Amino acid sequence: MIARHRRPAQAGRLVVLGLPYLWLLAFFLAPFALVLRVALSQSALGRPPYTPVFDTLDPVILSQKLRELSLDAFARLAADSLYLDAYLGSLAMAAAATFVTLVLAFPMALAIARSDARLRPLLLVLVIAPFWTSALVRVYAFIMILKDEGLLNLALRGLGLIDAPLHIFATNTAVLIGIVYAYFPFMVLPLYAALDAQDKTLREAAADLGAAPLQVLARITLPLAWPGIAAGSLMVFIPAVGEFVIPDLLGGSGTLMIGTVLWSDFFANRDWPAAAAAAVVLLALLAGPLALYERLQVKDGALTPRETP
Amino acid sequence: MPLLRLEHVTKRHGGFTAVNDVSLTIGKGELFALLGPSGCGKTTLLRLVAGFETPDQGRVLIDGEEVTEVPAHRRPVNMMFQSYALFPHMSVEKNIAFGLVQDGLPKKEIAARVADGLRLVQLEGLGARRPDRLSGGQRQRVALARALVKRPKLLLLDEPLAALDKRLREETGFELVHLQKTLGTTFLVVTHDQKEAMAMAGRIAVMRAGRIEQIGTAAEIYERPASRHVAEFVGEINLFDGEVVGPDEDRRKVATAAGVLDIGPRARFAPGAAIIVAVRPERVVLARTASGAIEANAFPGTIAEKAYLGDVTLYRVAIAAGLVLRAARPNTGPGDEMFEPGDSVVATFAPESCVVLRA
Amino acid sequence: MRGAAPLPRAFVLCLGFLFLYAPIALVILYSFNASRLATVWGGWSLRWYGALLENEQLLASAATTAEAAVASATIATILGTLAAIALDRFARFRSRTLFAGMIYAPLVLPEVVMGLALLLLFVSLGLERGFVTLVVAHATLGLGFVTVIVRARLVGVDRTLEEAAADLGAGPVTTFCRITLPLIFPAVAAGFLLAMTLSLDDLVLASFTTGPGSTTLPMRIYSEVRLGVSPQVNAVSTLMIAFVWLSLAAAALLDRWRRSTRVP
């Protein structure tokens with residue numbers, strides 16, 4: 001439908017595509033180019049606390065500057081075991097949280113997909129609604145629940161199940177619970193979409209061929225839900241790796257995640273090149289999952305966890 | 001003066017040539033059908049006329065004016081979409097008025113023409129309804145009215161009857177023909193259904209693989225198909241590949257796998273030519289024993305299958321060399337002679353019933 | 001034949017929704033707690049709501065947050081809708097992959113990274129951080145979400161409707177205004193609401209991109225929460241929840257009303 005000869009249509013096309021494109025180039029791509037630039041700069045005192053590298057396009061100066069390119073920040077990153085631990089800690093936490101979310105969300109998604117068709121829109125809205133509630137508030141609620149003198153311990157003690165309070169708050173367990181809770185809807189929705197798209201007659205055919213309900217689940221339902229599992233897992237894993245609020249508020253001294261390290265580099269230590277280098281490494285770590293996620297998005301187009309109520 | 005003229009129109013989609021060097025002329029007031037299987041290019045051709053697509057080569061002329069590069073909204077043609085494409089957020093009236101509002105007509109005239117349109121398709125009183133509250137037949141008529149109130153020079157109909165159920169289809173087909181006669185508007189219909197095309201259209205173009213294979217009236221296409229594809233696509237047919245074996249007085253004979261066929265006097269086929277002999281099933285006569293009258297083209301065989309369809313009974317007769325001959329016998333009354341599978345019969349057909357095609 | 005029997009299904013659903021809603025319910029409940037101690041129930045009271053009204057800093061932040069939300073959601077909705085149309089209706093264009101990538105990446109990209117990147121941009125452009133930079137950051141975040149929602153709806157809009165409009169004489173702009181936009185309007189509205197909520201909620205991007213004069217509500221809440229649980233935070237959280245849910249309900253009602261008052 002490319003209108004080679006239709007000038008007005010061509011102009012309209014330019015506006016429709018051009019406006020968001022320019023915005024994204026300016027406020028999405030350019031900033032990331034800058035992150036790379038700052039990561040390659042030397043730390044300096046003063047504000048902004050870095051010495052820019054490429055502020056000219058003169059080839060002579062540029063080549064000279066290229067030789068001065070500093071991998072300082074990256075070297076410091078590599079030398080400091082804090083960063084390595086933080087990356088590993090983030091990846092491990094994100095992986096564990098993704099797995100737990102998947103295990104918890106799958107029965108939920110299945111239950112919704114198999115519910116009465118008239119009930120399903122309501123159930124979906126109920127799954128999405130918490131997402132519309134401030135994440136900060138929802139994480140804050142878990143402080144109230146998980147603290148030593150919090151509601152969970154009060155309840156358990158009231159029921160006589162425990163004598164001493166459980167120390168969950170300010171541990172990695174609390175962070176895990178927080179992430180699972182915050183990203184639960186992100187997992188349920190793609191799973192639901194995949195399960196809902198499944199042809200019911202396939203399960204009937206499997207049953208007809210002698211498969212018991214659990215075998216149908218394992219051999220038909222689960223394998224066919226693979227796109228949903230992949231999409232949901234990526235939507236939890238990728239942001240969880242860089243999560244800041246949850247480890248900051250629910251974690252303790254033993255919690256080491258890159259989002260919080262980056263934050264304090266930036267706001268507390270004012271070491272911008274280090275923070276930028278940390279961000280670059282984080283992006284590099286996430287490049288694989290991100291590419292996978294993009295492909296899923298671009299291919300399915302409409303695959304989205306955030307439906308409208 | 002022709003209303004629509006296509007000159008050597010070619011349209012490619014990627015590497016696929018949807019329409020391949022098609023030239024076509026349709027006169028004013030014609031009801032013309034493009035007939036062919038899905039993927040033959042007929043819908044692309046229609047979209048080229050409507051202006052949704054621009055040809056890679058060739059020209060499109062409507063009423064003598066070249067419109068090849070004119071976008072759809074500036075062409076004096078309107079289309080009835082296969083899916084009807086009724087705007088779901090507008091009432092029937094608003095749907096019908098859409099094009100008139102677009103033309104900037106005064107309100108009074110729009111109201112009058114919408115009312116006329118509703119009356120034309122017998123939907124008076126339903127103007128305020130939303131499309132989703134209409135039956136399939138009613139939707140079809142709204143789509144028709146919406147296109148016709150613009151008084152287009154040419155109305156394009158994309159599979160106009162396909163979405164209707166079978167009973168409604170025939171009736172609506174006749175209504176369309178009647179409407180076309182009354183209004184005198186030129187209709188260009190696209191269909192994959194040969195019966196639909198034959199019942200409605202004055203002239204039919206049979207398309208295949210982006211090209212037009214034959215243009216003619218329904219009878220011409222059925223009785224004198226120009227190619228093997230047209231013969232096979234339009235109705236049932238028996239085909240024999242063979243070679244002309246020479247003049248026998250002024251008659252021609254053809255050697256085929258089923259034996260030697262007599263095709264009567266056809267001087268234009270010289271001996272040695274490879275040809276196809278085609279015979280419609282209803283021209284095949286079945287009898288228990290060979291009658292003396294027709295001695296040529298007689299094939300002894302056995303009834304392999306029988307299908308009683310009410311108006312006709314279809315037989316598949318196994319003849320020599322493992323070939324199967326299809327025969328159709330009209331059912332006229334309870335006294336009709338019936339054959340059963342396993343019965344020995346002789347199948348015959350007259351030389352003049354044969355259609356001869358170049359291989 | 002069904003994969004799961006009705007009883008376990010209801011059980012799973014109850015458990016799941018309990019997990020999702022109990023924390024929110026607790027925040028709301030304890031905002032009405034008379035006790036100063038956040039987790040000890042001391043009877044019903046509205047005293048913390050009263051205290052909010054006197055907290056002028058908080059009220060100023062709330063105003064900033066609301067203004068930034070409306071402004072950024074408006075930009076995100078316009079640009080996001082255009083992007084959805086470009087992705088869905090333009091067959092192929094160069095660098096489509098880059099375009100799609102830039103749209104979808106912010107949906108999952110860690111906010112710290114995006115915040116840092118935007119901050120560096122504003123600093124190197126010499127822009128003073130404040131309300132404008134905050135709006136730009138939130139609009140960039142919301143854009144992708146709007147695109148996803150609108151595109152999902154656009155896919156469902158039968159293209160022959162647009163062709164029919166063109167066939168009846170409507171040019172591209174008219175076709176968009178009279179056919180496409182009314183049909184995708186619910187999605188555009190939902191996209192606007194979501195972009196607004198994202199902006200209302202955001203702590204990380206705001207912390208990086210705003211200036212001292214434009215502290216947002218989540219930033220205030222965050223600094224309070226770091227000091228521990230406080231009844232006043234419960235109250236302000238409850239108000240935020242109420243605001244978002246009421247506006248969602250209003251939008252849903254409005255949509256229903258719009259539908260029912262159309263030509264029958």
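The values are calculated or read from the model by the stated rules, or taken from the named source; none is laboratory data. The structure displayed is predicted, hence computed values, not measured ones. Here the Cβ positions follow ideal geometry from the backbone for every residue, glycine too, while neighbour counts run over all protein chains shown. The area values use the complete protein model at the heavy-atom level, side chains included, leaving out ligands, DNA and RNA. Shrake-Rupley method; radii C 1.70, N 1.55, O 1.52, S 1.80 Å.
Within chain B, the longest segment free of exposed loop sites, counting GluC sites (Glu not before Pro) that fall outside DSSP classes H, G, I, E and B and have at most 15 other Cβ atoms within 10 Å, spans B:125-235. In the context of the full set of protein chains, residues of the protein assembly as shown present 44 Å² of accessible surface per residue (probe radius 1.4 Å, heavy atoms only). Estimated from the Cβ-Cβ distance and a Förster radius of 45 angstrom, the FRET efficiency linking B:Glu337 and B:Gln122 is about 0.45. By accessible area, using a 1.4 Å probe on protein heavy atoms only, region A:79-307 has 67% of its surface on carbon and sulfur.
Ignoring the sites themselves, chain C has its longest run without trypsin sites (Lys or Arg not before Pro) in a DSSP loop having at most 14 other Cβ atoms within 10 Å at C:95-261. Derived scalar couplings between HN and Hα for region B:253-265 equal 10, 10, 7, 10, 4, 7, x, 8, 9, 9, 10, x, x Hz in order, rounded to whole Hz, by the Karplus curve 6.51 cos²θ - 1.76 cosθ + 1.60 (θ = phi - 60°), x for Gly and Pro. Roughly how many nanometres apart are two label points built 7 Å out from the Cα toward the Cβ at B:Gln57 and A:Phe99? About 6.3 nm separates the two model spin labels. Taking all protein chains as shown and a probe of 1.4 angstrom, C:Met240 keeps an accessible surface of around 30 Å².
In region A:79-307, taking the dipole from charged Cβ atoms about the Cα centre, the farthest positive-side position among A:Tyr181, A:Tyr83, A:Met257 is held by A:Tyr181.
Count charges around A:Pro223 for me, please; just the other residues with Cβ under 15 Å from its Cβ, Lys/Arg as +1, Asp/Glu as -1. Residues close to A:Pro223 contribute a combined charge of +1.
Note on the protein assembly as shown: with charges restricted to the Cβ of Lys and Arg (+1) and Asp and Glu (-1), its dipole about the Cα centre is near 1440 debye.
Counting only protein heavy atoms and using a 1.4 Å probe, the accessible area of A:Val103 comes to about 80 Å².
Placing unit charges on the Cβ atoms of the charged side chains and taking the dipole of the protein assembly as shown about its Cα centre, the candidate lying farthest along the positive direction among B:Ser344, A:Ala240, B:Thr25 is B:Thr25. Of the residues A:Phe266, C:Leu246, A:Leu119, the one whose Cα sits farthest towards the positive end of the charge dipole of the protein assembly as shown is C:Leu246 (charges of +1 on Lys and Arg Cβ, -1 on Asp and Glu Cβ, taken about the Cα centre). For region B:20-60, the set of trypsin sites (Lys or Arg not before Pro) satisfying both a DSSP loop assignment and a count of at most 12 other C-beta atoms within 10 Å is empty.
Computed with every protein chain present, the accessible area of C:Asp167 is close to 0 Å² [probe 1.4 Å]. Summed over both chains, the accessible area lost when A and C associate is about 8400 Å², using a 1.4 Å probe.
Counting only other residues whose beta carbon sits under 13 Å from that of B:Arg113, what net charge do I get with K and R as +1, D and E as -1? Residues near B:Arg113 contribute +2 overall. Taking a point 7 Å out from the Cα of C:Glu224 in the direction of its Cβ, the residues of region A:236-256 whose backbone N falls within less than 19 Å of it are A:245-246, A:249-250.
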